[in-house]
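Asker: Questions regarding the structure given below will be posed in turn.
Derivation of every value follows stated rules applied to the coordinates shown; laboratory data play no part. On a predicted model such as this, the values are computed, not experimentally measured, just so you know. Counting neighbours? That spans all protein chains shown, and the Cβs are built from the backbone with ideal geometry, glycine included.
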C-alpha cells in the first residue's frame, strides 16, 4: 500500500508517570521537547494526533490494594491523571481513555477503546508512537497496531521504560522489531514526506 495517511499516537504521557508521580518513569520529563516537536510536525501537516491515557477508577484491578502490581495511578479526574503540563495538545487532538473498567487491565491504547475505528475512519495506515512506558503501554499499543494491519514506527528517543527487571525495555524493543515495527528517531520525522 502506498501513500498511507500517517498519525501520531502519544501514549500515556500523564503526570503520574512523570517526575514526582506515583508511578514515575525515570527520565520521562526529558522527552517533552522532542515529543512536542513531533506533535507540532503532525499538527502543521493536518495529520491526526491521538493521546491515550490511563483513566482508572479508584478500585482498579491493577492497583496493589486489589492484588495488582502497581500503586494507585491515573485515577479518573485526579491531578495525576492529567497530561504533562508542558505537553502541547493540538486543538483537534483526540483523547482515548483506557483502563476505565475496575476489573479490566488495558496496557494497549486499542484495548477496550475505539482507537482502531477512529484510525480507520481517518484513513490512517501508518502510525508513529511515542510516550510511556516502553515495556508496557508503548509495547502493547505498537503490537496491537501491527495486529490491525498498520505500519508502525516507534520513536525510540521519545519513549522511556519502567524496567522493573533490568533490560525489560531492551527486550520489548527487540520483540517489536521482530514483529515488524520500525525504530526511528524523532529527527527522522522531519525528513519524511508527511502524506495527508
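This table checks each residue for (1) outside any strand (DSSP E or B); (2) within 20 Å of residue 112 (Cβ to Cβ); (3) in contact with a strand residue (DSSP E or B) (Cβ under 9 Å, 6 or more places away or on another chain).
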site	(1), (2), (3)
16	yes, yes, yes
20	yes, no, no
26	yes, no, yes
30	yes, no, yes
42	yes, no, yes
50	no, yes, yes
65	yes, no, no
68	yes, yes, no
77	yes, yes, no
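Asker: Only one of 172, 178 is more than 17 Å from residue 45 (Cβ to Cβ) and crowded, with 17+ Cβ neighbours inside 10 Å. Can you tell me which?
Answerer: After applying the criteria, what remains is 172.
Asker: Let me confirm something: among 117, 147, 98, which residue is free of Cβ contacts under 8 Å to residues at least 60 places away in the same chain, under 12 Å from the mean Cα position of the chain (by Cα) and at negative phi?
Answerer: Only one candidate passes the filter, namely 98.
Asker: Quick check on my filter: what residues within region 42-60 are surrounded by fewer than 18 Cβ atoms within 10 Å (Cβ to Cβ) and either at positive phi or touching a residue at least 40 places away in the same chain (Cβ under 8 Å) (or both)?
Answerer: Answer for region 42-60, where residues must be surrounded by fewer than 18 Cβ atoms within 10 Å (Cβ to Cβ) and either at positive phi or touching a residue at least 40 places away in the same chain (Cβ under 8 Å) (or both): 45, 46, 57, 59.
Asker: Select from region 134-154 the residues that are more than 18 Å from residue 6 (Cβ to Cβ) and surrounded by 24 or more Cβ atoms within 10 Å (Cβ to Cβ) and list them in ascending order.
Answerer: Hits for region 134-154 are 134, 135, 137, 139.
Asker: Identify all residues within region 10-28 that are at positive phi and crowded, with 24+ Cβ neighbours inside 10 Å; write none if there are none.
Answerer: The one that is at positive phi and crowded, with 24+ Cβ neighbours inside 10 Å: 12.
Asker: Let me ask another. Checking residue 106 against (1) more than 16 Å from the chain's Cα centre (by Cα); (2) over 21 Å from residue 31 (Cβ atoms); (3) in a loop (DSSP other than H, G, I, E, B), only one condition comes out false. Which one?
Answerer: Every listed condition holds for residue 106 apart from (1).
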